1. With every protein chain left in place, what is the accessible area per residue of the stretch 162-208 in square angstrom, probe 1.4 Å?
2. Anyone know which of Lys165, Lys16, Lys62 comes out most mobile in the 10 Å Cα GNM of the chain?
3. How much area per residue is accessible in the stretch 1-98 when the probe is 1.4 Å and only protein heavy atoms are counted (Å²)?
4. Please build a GNM for the chain, connecting alpha carbons under 10 Å apart, and tell me which residue among Ala138, Ala22, Ala147 fluctuates the most.
5. If you build a Gaussian network model of the chain, linking Cα atoms that sit under 10 Å apart, which residue out of Arg184, Arg12, Arg119 swings the most?
6. With a 10 Å radius around each residue's Cβ, average the other Cβ atoms per peptide and rank 81-93, 188-200, highest first.
7. Where the accessible area of the chain is counted over protein heavy atoms with a 1.4 Å probe, how much of it, in %, is carbon and sulfur?
8. Report Rg(Cα)/(2.2 N^0.38 Å) for the chain, keeping two decimals.
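The values are calculated or read from the model by the stated rules, or taken from the named source; none is laboratory data. Everything quoted here is computed from the prediction, not taken from an experiment. All Cβ positions, glycine included, derive from the backbone under ideal geometry; neighbour counts span all protein chains shown. SASA here: full protein model, heavy atoms, side chains in, ligands and nucleic acids out. Shrake-Rupley method; radii C 1.70, N 1.55, O 1.52, S 1.80 Å.
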Amino acid sequence: MTQGDDARIGLRERKKRETRVALSQATIRLCVQRGWDNVTVEDIAAAANVSVRTFRNYFSGKAEAIAASHLERMLRIADELRTRPVAEPLWDSIVHVVQAQFAQGDESGARSSHDQRWRDGLRLMLAEPALQGAVVKANAAAEEELAKAIAERTGTDVARDVYPKLVAAMVGAGSAVAVEHCLRTDPPAPLVPVLREVFDRIATGLQVP
């Protein structure tokens with residue numbers, strides 16, 4: 001395979017990833033605004049300016065599309081963690097990349113702090129029973145990839161050592177706790193400082209081996 005072939009494959013994969021993100025974000029936006037039961041795949045495809053067939057090529061339904069945003073964010077966290085300075089302490093790196101990624105799409109911040117209906121709609125969507133299985137599946141895939149990045153950073157073995165998998169699970173759980181906390185506080189708490197508090201507390205109990 002030539003260098004040009006590699007570039008074309010890379011571009012194609014990037015475009016596919018961008019389409020997945022666009023479809024996921026359109027699904028979230030519509031479900032929050034209209035309610036879970038009032039959104040169809042046809043609505044989502046129209047909002048994303050694609051065909052229903054294209055949507056079906058990426059996702060089996062609304063739940064999988066919504067969960068894809070969480071998976072995509074965690075994959076970006078893993079990618080960014082690999083680029084942090086080698087000498088930087090692990091938890092400093094984790095806090096930096098997690099805050100940066102959540103700040104790009106704050107579930108509880110900019111828009112929702114000024115729009116109670118958005119926060120209420122987001123809470124209802126996240127509580128939808130049909131979404132739970134897709135979220136569990138996305139979490140498992142996200143933790144697997146994040147554990148690989150953590151193993152690379154710490155010189156541990158993701159297949160043999162429990163540490164990278166434990167840290168990956170705590171990153172997922174800590175992020176979820178921070179988002180849930182910010183969605184339920186009144187007035188809304190800004191997400192990034194809450195993330196900092198959550199991970200500072202986790203880091204004190206999970207020292208690098």
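1. That works out to 51 Å² for each residue.
2. Lys16
3. On the way: 5450 Å² over 98 residues.
Solvent-accessible surface per residue comes out at 56 Å².
4. Answer for the Gaussian network model of the chain: Ala22.
5. Arg12
6. 188-200, 81-93
7. 53 percent
8. Here the Cα radius of gyration is 1.08 times the empirical estimate.
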